[in-house]
Amino acid sequence: MSENNTPRILVLNGPNLNLLGTREPEIYGHETLNDVEELCRAAAGTAGYEVEFLQSNHEGVLIDAIHAARGAVAGIVFNPGAFTHTSVALADAISGVQLPVIEVHISNVHRREAFRHHSYISPVAASIIVGAGVNGYVLGVQQLIHLAGK
Ligand code: DHK
């Protein structure tokens, strides 16, 4: 809960997602991270939720954000970028805070290189959304709100 008691969701983005819109648009589309933020705020707002939105290229910053989310948000919509495939530390952070995490990938990672097929995050995620483009973030927000209402 935030100070004003409006329930909150953290939308967290990992490395290189600041380049959305210009980065390999044939894979990640033309929408920018600002567009993603607006979509998330709109989806959350219709259900009375606020969004905290953070992107970092640094693993430790993402870990700190997950720790800080404990007790402050209903859950996390998380695109860990390439850390998905490498980071035991991010998986441990998620396990440590016991918050529902919706893992989102813009692209269908299973249609891509083999090294993208394994996720350290999936075993600790509540739900996984892949290949839905930036609409995956909206679906992630909606899924978190659905879980919070249970
Ligand atoms: C984003 C990345 O930056 C990649 O490293 C992942 C993910 C896929 C996405 O589809 O959003 O492999």
One checks the Cα atoms of segment 1-72 and finds Rg and Dmax, in Å, of 13.6, 41
If you place +1 on the Cβ of every Lys and Arg, -1 on the Cβ of every Asp and Glu, and leave all else neutral, what size is the dipole of the chain about its Cα centre, to the nearest 20 Debye? 360 debye
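What does the convex hull of the Cα atoms of segment 8-148 come to per residue, in Å³, rounded to a whole number?
Details: hull volume 12.5 nm³, N = 141.
Convex hull volume per residue, Cα atoms: 89 Å³.
GluC sites (Glu not before Pro) within segment 41-120: which are DSSP loop residues with at most 13 other Cβ atoms inside 10 Å? Intermediate results must be reported in sequence, preceding the final value.
Values: sites: GLU50, GLU52, GLU59, GLU103, GLU113; in loops: GLU113.
For GluC sites (Glu not before Pro) across segment 41-120 that sit outside H, G, I, E and B with at most 13 neighbouring Cβ atoms in 10 Å, the list reads GLU113.
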At 7 Å along Cα-to-Cβ for each site, give me the label-to-label distance between ARG70 and ASN57 in nm. 3.0 nm
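Could you calculate the FRET efficiency of GLU26 with ASN5 from 1/(1 + (r/R0)^6), where r is the beta carbon distance between them and R0 is 35 Å, rounded to 0.05?
Details: r = 44 Å, r/R0 = 1.25.
Calculated value: 0.20.
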Helix 59-69 sits at what angle to the longest principal axis of the chain, using alpha carbons and giving 0 to 90 degrees rounded to 10? 20 degrees
Residues with amide H under 5 Å from that of GLU50, placed H, sequence gap 5 or more: ARG8, ILE9
Residues of segment 59-97 with amide N under 12 Å of a point placed 7 Å along Cα→Cβ from PHE115: 82-83, 85-86
If I model a spin label at GLU38 and SER122 as a point 7 Å from the Cα along the Cα→Cβ vector, what separation in nanometres do I get? 3.3 nm
Over what distance in Å are the Cα centres of segment 80-150 and segment 19-48 separated? 16 Å
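FYI, it's all coordinate maths here, none of it is from the lab. Predicted model only: the values in this text are computed from it and were never measured. FYI the Cβ positions are ideal-geometry reconstructions off the backbone, even for glycines, and counts take in every protein chain you see.
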